[in-house]
Structures are given as structure tokens and as C-alpha cells.
1. Comparing MET406, MET109, MET69, which has the greatest mean-square fluctuation in the GNM of the chain with Cα pairs linked when under 10 Å apart?
2. Starting from the Kirkwood radius over alpha-carbon pairs of region 69-180, derive D by Stokes-Einstein at 37 °C in a medium of 0.692 mPa s and give it in µm² s⁻¹.
3. What list of ³J(HN,Hα) values in whole Hz, one per residue of region 249-254 in order, does the Karplus curve 6.51 cos²θ - 1.76 cosθ + 1.60 (θ = phi - 60°) give from phi, with Gly and Pro shown as x?
4. Among the GluC sites (Glu not before Pro) in region 81-168, which ones are in a DSSP loop with at most 10 other Cβ atoms within 10 Å of the Cβ? Mind listing them?
5. What percentage of the solvent-accessible surface of the chain, computed with a 1.4 Å probe over protein heavy atoms, is contributed by carbon and sulfur atoms?
6. Could you do me a favour and compute the accessible area per residue for the chain, 1.4 Å probe, result in Å²?
7. Name the residue from THR81, PRO370, MET425 whose Cα lies farthest towards the positive end of the charge dipole of the chain, charges +1 on Cβ of Lys and Arg and -1 on Cβ of Asp and Glu.
8. Using alpha carbons only, how many degrees (0 to 90, rounded to 10) separate the axis of helix 71-83 from the longest principal axis of the chain?
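The values are calculated or read from the model by the stated rules, or taken from the named source; none is laboratory data. Owing to the predicted nature of the structure, the values given are computational and were not obtained by experimental measurement. Cβ atoms come from the backbone with ideal geometry, glycine included; neighbour counts cover every protein chain shown. The accessibility values were calculated without ligands, DNA or RNA, using every heavy atom of the protein model including side chains. Shrake-Rupley method; radii C 1.70, N 1.55, O 1.52, S 1.80 Å.
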Amino acid sequence: MSVGKMLKGTLSALAVGALALTAFSAAPARAEVKELKIGYMKNPILEASVSIMDKWATKKGIKLVKIPMAYSIFQEKVTATLTSGNDQFDIIWHNDDWGQLWIKWVARMDDVPGMDRVAKHPLDAFYDEDGKVSAVPAAHTVGTFFYRTDLVKPEEVPTTWDELVKVGQRLQKEGKVKWGYVGGMAMNNTWFSLWWTMWGNKCDIFKPLWERDNKKLAAAGWTPALTEPCTKEYVEFWWDALHTHKISPEAMTTYTRDEANAIFMAGDAAFTLVDSTHFGDFNNPKKSRIAGKVGMAPQPMGPRSDKPFAWNEIWGWGIPKGVPAERQKAAKEILGAMLTDVEGQMQMWEETGGPPPSLDAWAALEKKDPVFAQLKNAVFDQNVGTHSAYYFPAWPAVHKAYSDVMIGILKGKREDIAKGLEAGMDKVHQAANAGQ
């Protein structure tokens, strides 16, 4: 080979190498995550969960940008973000109510550290067809019957609807409270009035009653249970509570949980039912006039029940699929750090009344905390007969249709209840079948 050819070949090789080096240098290095955005409902329990995550983020040099929102706008806003593929949030509050609605747009979380130490039943809403889960628990959310310990002794707490009316009226007549019972009833607050009495009377929205297997519900034609006798009974109970017995304000049909909680914390009601996560606010002397005077008990039963009903669900965290891989990885690490921080979860319980997601934290609390033992008796030791929602994409539409039907009935005449329930059958049925 001539010197010229050798030189030409060497120059060519150098040129190729230079081009390769240039290309390598121009390629962007793997982005280092410096910031994560978390969107959630403004609530003490979620704030406490975020605080646990913030400890890890600070150690890793990651700024956690917190974006709290009102409950009334959260679902609509985040749904729009998810369906557009936008990565506006890296972590989002994920609730069982819309677990199936979001299933296509959120990442799977089976590989998050600590997921092997959480209760499985409350995760039912978040599984896809392959058995993969789309949420990391933040706290258990359980419907808890709260009572004023300065007004009634533990043995005097109502155990049935009839007792709730009698005790409530007695306390009203004695001038100790303005209302016997107050709870949310407006759309998305139905659990705190209509629904706890529905399940506590062995009733439900669809037939078969208490069924949550979508295939079985579909085979039954998504048939509403509105014309069942058990439905008429709990609707009549609330109509009477509002208009006849007057243990609850007529305006309660418009109340959210926040409005009901405000009345309870002001000392104007003897009883309420809401998530245990509000226990912290009830006992916060800066917010509540009844701090230190609040107890927890099993839910009063309807005439068809022989033991109290309870529900046990979770509030969780999810990650949108549109989030880039590096940020998804960091988000999972931060959620795993929260889930395995037993001390942080125990502190969250002590500050807010939110039952921790980790079973390890449960075991520790059962040994040392009498208040947790009280909640365990009020909820976890009772009959968790079914889930407190249905888990199919059309569920939010069903919830809205049901709420519209019931509020309309409760604002009408008592003699029209049966007719209103019959008319509502088609509305709820259509909502269930929309898009299927």
C-alpha cells in the first residue's frame, strides 16, 4: 500500500472518529431530576403524606412542587390532564372512585418498595385486567361515626337509626345542640348521609346487592335497586330526619363534607359521619370548639341489619403515564420512601387521624395508641361487607345520576318517594350503560 493511500485511510478514520465524538458530545446527557410536581386535594391527611415524601426529596436535592386543589375541581382538572397526555403533574392523588376511569392513563406501581406490606382488599379499584395495580396507598379512608363525648356516654351512643333520632331530639330539646345529626349530602358527599344508611340497611345501588364483580353486574343488566324496599326505607329515614323529626337541617341536601364538618366543629351538632381523616381537624383547638370532646363508634344500623356496617378504602397516589421515564423513576422512589417510613406514618396518624397505609405501622399503633384501638373497634372490627363505590368507567356518571334522583326526592313530598324512585330507575340504568 502506498504512503498516500495509507495517509488517506488514516485521515478517513480520524474523520469518522471525530464525527462520532461530535455526535456523542451533542447527545443530551440523561436528565437529572431536580423537581417533581405533585397535585392533590387540599386535605390534612394528604398534606401529611406529602410531608413524608418531602423528607426524601430534600435529601436527594429534589424540589417537591406542591399543587393543592379544591375537591370540587380536582377530578375534572386532572382527568383533562391525563387524557391529553400532558405531564403537568408527576404524582397525583388517586382515589378509588375514579380508579377504573383513569386506569388507561396511569403507570403501574407493583414495583414500588413497600407494596408488599399493604392491605390488598382496598386496592381492588386500582387493578387492571392483567392484575397490575395503579396506585400506592397514602392512607385508609374509612367512614367513621363521630359523637360528642361531652354530651353522651359511650353506652348512650346510638346503635340504630331509631336511637339516633331519639337521642338527637333529646339533646335538641335540652338545648345542648342545634342539630342531632349533620353530614354531607350533596353530589360527591353522598357517603356521609344516604350511603352509610344504604349499606347499613343491607341495601345498595345495583342488584345483586353488595356485588362488585362487574361481570356479574353486567349479567344482571346493571339493574338499579332503587325500587327495592330497603331503598325506600333509608330514603324515608332521611326525609323524616330533614322534615319531620328535624334532627338534620333541611339545607343538608346542599351540604358538602366541609360545610357539615364546620357545623359539627362549631358545637352545633351531636353526631356526624365522615372519613376518619377529619379526626385531626375535629380535635384541633385552633379550628374546633369541640377539641378533646370527640369519640368514634360503629355506624348506627338500619332495620334490616343485625351488625354494624363499615367500609375500608384508600386514598392513594398515582403517576401519569405521560411523565418522562426519569421522573417516573424518581416519583416511584419517593412514593416507596413514604410507604416504608413507619415512623412518619405513625406521626401522620397522630396529627391527622388518617390510618397509615403500611401494615407495619398498624402493628406498631395497635400496641401503643388507645385512639387507634377506638377506630379499630369502630371500623376495622366491623362488617366490611362491600366497597363504598363501584369500579367501572361509568361510575362517576352513575354517582351523579343517583345523586340527582335522591336530592330531588328529598326536596319533594313524602308521599311521592316511591314514584320518584321508580322514575329514577331509568336514569341510573342509562348512566351505567353509557359508553359500554
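1. Greatest mean-square fluctuation among the candidates belongs to MET69.
2. 185 µm²/s
3. x, 4, 5, 4, 4, 9
4. Those that pass, being in a loop and sparsely packed, are GLU129.
5. Roughly 54 percent, rounded to a whole number.
6. I get 44 Å² per residue for the chain.
7. THR81
8. 30 degrees
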